[in-house]
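Notes follow once the structure below has been shown.
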Amino acid sequence: MAFAISEINRDPSLLPNVTLGYRCYDTCLTAGVAVSAALSLISGREEQFTLDQSCDGSPPISYYAGCSCLSDRTQFPSFFRTMPSFVFQVRAMLQTMRWFKWSWVGLLFSDDDAGRDAARLFQSGLDQSGLGCVAYSEALPFHNDLDKLQRIVSVMKTSTALVVIAFTYANYMFNVLDEVRQFWEHTFRCKFSPLPPEWVDAGGRVCTGQEDLAETDLLNVSELRPDYNVYKAVYALAHALHDMLQCVPGRGPFPGHSCATLQTIKPWQLLYYLEKVNFTTSDGDRVYFDENGDALPIFDILNWAWLPDGSTKFHNVGVVKMTASGDEEFTLDEDRIFWDFQSAKPPRSVCSESCSPGTRVARRKGEPVCCYDCIACSEGEFSNETDSTDCTVCPEDFWSSPQRDHCVPKSIEFLSYHESLGISLTTISLLGTFVCAIVLGIFVYHKETPMVRANNSELSFQLLLSLKLCFLCSLLFIGQPRLWTCQLRHAVFGISFVLCVSCILVKTMVVLAVFKASKPGGADIMKWFGAIQQRGTVLILTSIQAIICIVWLVSASPTPHKNTQYYSEKIVYECNVGSTVGFVVLLGYIGLLALLSFLLAFMVRNLPDNFNEAKLITFSMLIFCAVWIAFIPAYISSPGKYADVVEVFAILASSLGILLALFGPKCYIIILKPEKNTKKSIMGRGATKT
């Protein structure tokens, strides 16, 4: 104050021809004495004050008054301060926590109005910003209550919070931290290593054990540039007085446009000009008071450490201040900070480590929000942010990655030509088609032989062609389903098998007619089973199946479908049958013809002599019916592409069964036993009996 007044008196531009003076009163660090002294100063009365207590301790009021309550202009209309209020102190603390990513802190505050106000603001600021949580909150006694201090130290020792935020006076923090330091020395048998050379000539100590508490105060609220605050306060009054003296009579702000003079000055008149103060200090800091009487706040960030002789040293490492434009500046030089850790790095103070992408935060019941568990996202969900509170469900065609931190397209499954199953079935299909072609070639080449002629060569040719179609139609079930393949697969399958079974049914009927014609009175029966009738019957029976397929395709055509019901992590491409009724009718018609062929063949299985065509038909239809009866439950219970595998297997197995059962024995005789390929041998006439 004395320095500021002296500097003002030497400044010719500020209060020229006016010399400032001052009168000092001892507040004795007591509110009552301070108020009495202030009243005496205002009234101009000289009084002597009898003190009943010593002037020791920290000041309860004065330029250290940071309580936010003093910003209430309705209660304190004439209160001004250059000391930043606790509101900005709390914001500075939160900035520091954000900088070092501290989310789990202990809170200490002096047990008075100012300390409780600061603690309340800090807790509220944490809740609103979501930066972190308070591990414990303790009020430091206003007087040195050793029992309470030791209890607080015990709380600090047992807490997992490695950072302490304190709103209190320096001597209380010294008491607490000195207790903590002694505890760490005793527990870890540790010594203190030297501070940087630029800090102290020699000596100094820093714990090098596995300590969990930093003995470093980054933002010391007890050393908030008090001298500079007093300096700015004196200059504010000087500028207010200067502006008041510049008033032109008749143009003043007071009643009747009057001005105040040094001889008639009233406190409320000086208050008017103090509210309008706006100047810049020699250090470049702007000073003015807002509507609450608060000046632009500024803090130094100090690094606090013990020196070898037991004293402390404060090292300026940054600054927090509010600019005239309303922006908040936070500057911190971490390279200048000395940490009391072996790692020489800032402590990491969190209740729970951050949840990495792929996990979500699961709050612990009854504990602060900063204490939680990290739960991995479920299948089909992901989180791509740290500390995500929820996992997001992947879109329908996507699935979560193994790390659950993003979504990837679902794998697509269908019976492919490139997998072993598809290759095997394709090979069997082509092999069956090739065998049909060979058998057809054999029958065409030997069409004039008794074996071929006796088995109705035309129907045999039609049957072999239909079997080729049956083998080839299985290829429509392999590969990615498309609209045309879905529409054709069952239509071609149904028509091919009806054509095949129709030929077998007509062959069976012809065999039965031949058997009947060989008996007395049955000569006329063969006229109903000529070549034209045989062709017409096959055509009519096949046309019925074609009509069923056309109605099915027109009314409810099968379409490709992405099925996600079988597997969550993959998409099964399949053909939706469109109409289950159409599918059942198609299969039912084939089964009806096959059953009819089987029954007719079974009836004439014991024809005389060596004519065993009925037995071969019976055996082939038995294989056909057995395969398709087994197909139904297997098809229903098979998921995804395996349903197509079952259907293709049934097609190939039944086709191969018919081919081998009907044409195997004939080819054996034609190729390997040509001596038996005679009418006599086939009909069994002239055979020697023993």
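The values are calculated or read from the model by the stated rules, or taken from the named source; none is laboratory data. What you see is a predicted model; the values in this text were computed from it and never measured. So basically every Cβ, Gly included, is an ideal-geometry build from the backbone, and we count neighbours across all protein chains shown.
Data table
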read-out	value
Matching residues, the stretch 614-640, being touching a residue at least 60 places away in the same chain (Cβ under 8 Å) and surrounded by fewer than 21 Cβ atoms within 10 Å (Cβ to Cβ)	PRO639, GLY640
Restricting the stretch 376-416 to residues that are aromatic (Phe, Trp, Tyr) and modelled with pLDDT of 90 or more, the residue that is farthest from PRO481 (Cα to Cα)	PHE382
Subset tally (residues that are among the small types (Gly, Ala, Ser) and in a loop (DSSP other than H, G, I, E, B)) for the stretch 111-167	4
Residue match in the stretch 425-435 (condition: closer than 30 Å to LEU541 by Cβ, surrounded by fewer than 20 Cβ atoms within 10 Å (Cβ to Cβ), at pLDDT 90 or above and in contact with a Lys or Arg (Cβ under 8 Å, 6 or more places away or on another chain))	yes
Residue identified as at pLDDT 85 or above, closer than 16 Å to VAL164 by Cβ and not acidic (Asp, Glu) among PHE88, PHE76, PHE80, PHE109	PHE109
Within the stretch 358-379, tally of residues that are crowded, with 18+ Cβ neighbours inside 10 Å and assigned to a loop (DSSP other than H, G, I, E, B)	3
Restricting the stretch 445-482 to residues that are assigned to a helix (DSSP H, G or I) and basic (Lys, Arg), the residue that is surrounded by the fewest Cβ atoms within 10 Å (Cβ to Cβ)	ARG453
Tabulated pairs, the stretch 590-613, first within 27 Å of CYS549 (Cβ to Cβ), second modelled with pLDDT of 90 or more and surrounded by fewer than 22 Cβ atoms within 10 Å (Cβ to Cβ), C-beta under 8 angstrom, 6+ apart or interchain	LEU593/LEU541
